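What follows is one structure encoded as structure tokens, with my remarks underneath.
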């Protein structure tokens, strides 16, 4: 800015990119740069760029340019099936790592699969089915190396709560199962469509703050549901909210079984201790990874041994042997509950997608590779669609199992194949062994898994850094806990969007002053050394100027002007002559905004005040030009920097003999 | 920026507002300013400021400060009843102007009142009632000097269309009237509450573009409805949309009456001609102002004279004499249609409020006085609430009559009182004279009034300046025309909000370069003379960083980095060492955004690239500080200007012997 070259430059026309020069006899000598229009583009070119920005920010076709046809086919196959990318240089060393990690997550996936299926009010075997087919499909389509695929707690809970509000899983089990598979199908369809239509950015609207609150709320609900198994209650409420669950717990005090409670508490403390150890020392991850299966085995043995002495501890009972039966004939595309299935599908779909992608991104960033959001969506989507035809319900990448997978040294998606093979062996041969597995142990496994989802530290950080984000978080937490799962989520997303709108509706404006000895202009409220320039009022607008704020900004700037004039009168200062509007942070303007600028100029002119715009960004400049506001502002109405505006206007006033 | 003082300054800690100095042995010598935190504020102070910004941007209590109690009472009265402000210095000269303008608008208000009431499917006399009480109340409460109050076409149409969808005005006239008064009450309640709760900014969400489209669409619908009167059709559809109306017109071709059509066409051409004359020469405003009343008188005489010869031209018939009867007993606060009344009230309320405030602001800005939005809302709201108890339906400031009022030289709200008095005389004595007034003339008056509302020039300007605004405009136009009035409006508001969200979701980023010989950094795409600095990549983000764009921005910046590295490799340039992020236009950041910045820094570090932030605004700086990102960035991670960052980092590299 104003680097002391000995010239005064005229404002050249906005179409002209280079600075025109002219010599003037003024005392203050300064170089003036003209403000350029961006290069001309047709409306179609702009639309094309905009569409590319919105839908193809990753430029997926870039890799195909300048390639032979053969290479293009290979690249195409690789981008459709990432297995072709890493499959060609897969070796025994990688395989050894994958076997270890695959078996580790299998030991976790089998008890969790059975437990989560119960959370969704589905037969336990469906949880194992869902840990077999989807991981195989993900291994071929998915781009993450560490994602461990299978049923997860949040999606299971949401599906269970939404479906059982309309259909009872005990009275109408076939219809319930049909709806579960249909929801899974729609979840997959929705996920795959988001990926295909490249609408992945929609899941960004679930902000971190919303998710922290939502997950914690869901975890509390899941934990409350476990009171049934933990206390051995037989007649439990079908509702999910805090109040009916608690009243159900205390109204059925007579059903509490002390044997169940003692067993539950013992295993709960063991599992929590192993979890604590593994969290302290990540190298001991296998302790917490092996604990659930070990607990299942020990507790099953226990129940088997005392089976003749007490009947107080309920157990799973008979589970069918054999592989996933086909279920495409159970999909339900008409009738009264179709809307419910679609709604449940969309909500569980979006939640499981968010979890899967977040988990994938987390571990990809730890190992510094890229996970492609849209491709992951398609992979998860196809996996669920295929799952819905093979007796699986909604699956995605689980955070807890992926962490174990990562720590166990998984190198590629082969660990998912190993896990699926272990589940296959279980399904074919080991099912009778689960006959005496007590339900309480499943409750304990779920409790241990979801307790870790209550991230109170993240909530505390939100409170410290951004009170509004904390408010969003609380909205989703209490919304989920006291209203309902989908409504709580909707409230939180609504609050987040209102926050954006509020920021746009009432943007910040601040008065700038010059930092002495420099050409830097900064906020007077923030930089004590900054000082006002007599005769000027420099204002910065920190937001796009839209219909939603154009009236407010106009009034606010006039108020700044009035306040400044009062201040000047009180201090007998130099009369105010010019308002400089620093537009650097005005990232967009619409027709209402243009009108507001025009009107502002007109009203300031009536008070004999000049309006000067400084450094509008490309798109804003273009619109100012098209709407003829640039012409209305005149030659000395547009500058590149505040410093140049002040220098040029001051010298003009001096040349005209004004004070 | 870097003004050539012979010092190198260290980054001082962000808490320290003054620039610390230190001497270094480097070759490039530059002055470095530290980035300040804004003055510390507690969360409560920030909340207070935020609330004040949102709800009290006009600082209504400012005038009361430093005043005696007596003055405060006077100021309080004046602000509640603006009549006390101008009433004390009202004189005969002002009164003379007001009488002339008041009588002029009365001559327009009487025929329009009757016509608009028919548009709302209400008895014609209700239109006159509504031109009597509300203007009197507005004269006491309103702050605009030129607003002419009474029924308006859009609100009448919307009320008519929404109510008659559920209740037939011909089969159930009493219930229909009850609902109309109840809607008016809720409209007033809603308007007054918006004013009292200072939520006036909500009406800003109806952007100019939305309103242009909506008004034009409504005008077309109103015009189509007039085909009934213009063609003399008896059995006309009760629907409002384009298709049913047109099919109704052509299905009842046998009912067309040539006498009515001839009369209608004659008067239509007369009225359009006078309107054209007055638009060309604003001084001849009285020609178009007097024309409707003159047409009514002439056509009534005509029908009276030929009444024995033909019955083809339908006329109004008997109208009751006398003042507004009380109607508070007709308000309807329970029962099946309450929700409809509330919905209709809110939508007509918001539309009439938008029109009233826009009209008030337009003429206030022409005469350079202030109209207070929240106060106007309360005035219009109370006027409608009082109206609903005195047989009036929704009223507001009419654009056409206010323009006539302004041109006729109105000086204060007394012109409304004069108009009300003229209506009073009409109601008391002149009602029988309207017996033979033909319905076709009312249709012609409405047509002439609404044709002017189709602002195709504004639509063309939207197209030229902002394609997206034009799209919004078309959405509301076609939505109103083919779907329904409230839904069309909702679609347009939804599209406007999506535009804001889209802008936030996919913000613009651009690469900056240095303009040689200066410390100015500007967009490389826009300023041809700008050039890259070897070793640096300067990026500017033009949007707040929110959950909705944090992932995108992170990916986009990494993509910029990859592209830059490819470019450097191709040209054998200097290795990229530092990414400078110009944060000037980042007007806000939330926790997701902070996390994205942190993650970006981590990922760039893995590629041995340094991340530097430049000039974050106050609130962003505060959050960067609170979340410890500033500490993570280190001493040379934050600068006030791009120039200082480049200079300081280059000199550090040189001092360390790097290329």
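The values are calculated or read from the model by the stated rules, or taken from the named source; none is laboratory data. Everything numeric here is computed off the predicted structure, so don't read it as measured data. All Cβ positions, glycine included, derive from the backbone under ideal geometry; neighbour counts span all protein chains shown.
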- Of all residues in segment B:611-628 being at the interface with chain A (Cβ under 10 Å from one of its Cβ atoms) and assigned to a loop (DSSP other than H, G, I, E, B), which is farthest from the chain's Cα centre (by Cα)? B:628
- Task: Residue by residue through segment B:541-583, note down the ones that are more than 10 Å from chain A (Cβ to nearest Cβ), in a loop (DSSP other than H, G, I, E, B) and in contact (Cβ under 8 Å) with a residue 40 or more places away in the chain.
- Result: B:574, B:575, B:576, B:577
- Message: Need pairs with beta-carbon distance below 6 Å; first residue more than 30 Å from residue B:303 (Cα to Cα) and within segment B:237-261, second at pLDDT below 85 and not in a helix (DSSP H, G or I); sequence gap 6+ or separate chains.
- Response: B:244/B:237
- Query: What's the number of the condition residue B:631 fails, among (1) modelled with pLDDT of 85 or more; (2) surrounded by fewer than 23 Cβ atoms within 10 Å (Cβ to Cβ); (3) more than 10 Å from chain A (Cβ to nearest Cβ)?
  - Reply: (1)
- Message: It is to be established whether one or more residues within segment B:396-411 are under 17 Å from residue B:192 (Cα atoms) and crowded, with 24+ Cβ neighbours inside 10 Å.
- Response: yes
- Before we move on, is residue B:500 under 22 Å from the mean Cα position of the chain (by Cα) and modelled with pLDDT under 85? yes
- Answer yes or no: is there a residue in segment B:207-217 that is over 17 Å from residue B:349 (Cα atoms), in contact (Cβ under 8 Å) with a residue 40 or more places away in the chain, more than 26 Å from the chain's Cα centre (by Cα) and in the same structural domain as residue B:390 (by TED's automatic domain parsing). no
- Could you check, for segment A:241-257, whether at least one of its residues is surrounded by 14 or more Cβ atoms within 10 Å (Cβ to Cβ) and over 29 Å from residue A:484 (Cβ atoms)? yes
- Task: Please find, within segment A:638-659, the residue that is modelled with the highest pLDDT out of those that are surrounded by fewer than 16 Cβ atoms within 10 Å (Cβ to Cβ) and outside any helix (DSSP H, G or I).
- Result: A:656
- Among the residues of segment A:224-244, is there at least one that is in contact with a helix residue (DSSP H, G or I) (Cβ under 8 Å, 6 or more places away or on another chain), closer than 28 Å to residue B:547 by Cα and more than 14 Å from chain B (Cβ to nearest Cβ)? no
- Could you tell me which residue of segment B:35-55 is nearest to the chain's Cα centre (by Cα), considering only residues that are in contact (Cβ under 8 Å) with a residue 24 or more places away in the chain and either in a loop (DSSP other than H, G, I, E, B) or more than 10 Å from chain A (Cβ to nearest Cβ) (or both)? B:38
- Selection status of residue A:608, within 26 Å of residue B:367 (Cα to Cα), within 14 Å of chain B (Cβ to nearest Cβ) and not in a helix (DSSP H, G or I): yes
- Query: Got at least one residue in segment B:106-117 being touching a residue at least 60 places away in the same chain (Cβ under 8 Å), under 26 Å from the mean Cα position of the chain (by Cα) and not assigned by TED's automatic domain parsing to the domain that holds residue B:161?
  - Reply: no
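To keep it simple, each residue is scored yes or no on (1) more than 30 Å from residue B:138 (Cα to Cα); (2) in a loop (DSSP other than H, G, I, E, B); (3) modelled with pLDDT of 75 or more.
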site: B:33; (1), (2), (3): yes, yes, yes
site: B:57; (1), (2), (3): no, yes, no
site: B:72; (1), (2), (3): no, no, yes
site: B:77; (1), (2), (3): no, no, yes
- Query: If you check residue B:98 against the conditions, is it buried (at least 17 other Cβ atoms within 10 Å of the Cβ) and within 14 Å of chain A (Cβ to nearest Cβ)?
  - Reply: no
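One line per residue, one yes/no per condition, for (1) surrounded by fewer than 24 Cβ atoms within 10 Å (Cβ to Cβ); (2) within 14 Å of chain A (Cβ to nearest Cβ); (3) outside any helix (DSSP H, G or I):
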{"site": "B:345", "(1), (2), (3)": "no, no, no"}
{"site": "B:349", "(1), (2), (3)": "no, no, no"}
{"site": "B:352", "(1), (2), (3)": "no, no, no"}
{"site": "B:369", "(1), (2), (3)": "yes, yes, yes"}
{"site": "B:376", "(1), (2), (3)": "no, yes, no"}
{"site": "B:380", "(1), (2), (3)": "no, no, no"}
{"site": "B:387", "(1), (2), (3)": "no, no, no"}
- Item | Boolean, residue B:594 is touching a residue at least 24 places away in the same chain (Cβ under 8 Å), more than 21 Å from residue A:640 (Cα to Cα), at the interface with chain A (Cβ under 10 Å from one of its Cβ atoms) and touching a strand residue (DSSP E or B) at 6+ places or on another chain (Cβ under 9 Å) | yes
- How many residues does segment B:119-143 contain that are part of a loop (DSSP other than H, G, I, E, B) and either in contact with a strand residue (DSSP E or B) (Cβ under 7 Å, 6 or more places away or on another chain) or farther than 20 Å from residue B:374 by Cα (or both)? 7
- Message: I'd like to verify a number: residues in segment A:161-182 that are modelled with pLDDT of 90 or more and under 21 Å from residue A:449 (Cβ atoms), how many?
- Response: 1
- Taking segment B:320-343 and keeping residues under 13 Å from residue B:188 (Cα atoms) and surrounded by 21 or more Cβ atoms within 10 Å (Cβ to Cβ) leaves B:341
- Conditions (1) more than 14 Å from chain B (Cβ to nearest Cβ); (2) buried (at least 18 other Cβ atoms within 10 Å of the Cβ); (3) touching a residue at least 24 places away in the same chain (Cβ under 8 Å) -> residue A:478 fails only (2)
- Given B:490, B:458, which one is surrounded by fewer than 21 Cβ atoms within 10 Å (Cβ to Cβ) and either more than 30 Å from residue A:547 (Cα to Cα) or more than 14 Å from every other protein chain (Cβ to nearest Cβ) (or both)? B:490
- Note on the structure: Those residues of segment B:514-531 that are crowded, with 21+ Cβ neighbours inside 10 Å and either facing chain A (nearest Cβ under 7 Å) or part of a strand (DSSP E or B) (or both) come to a total of 7
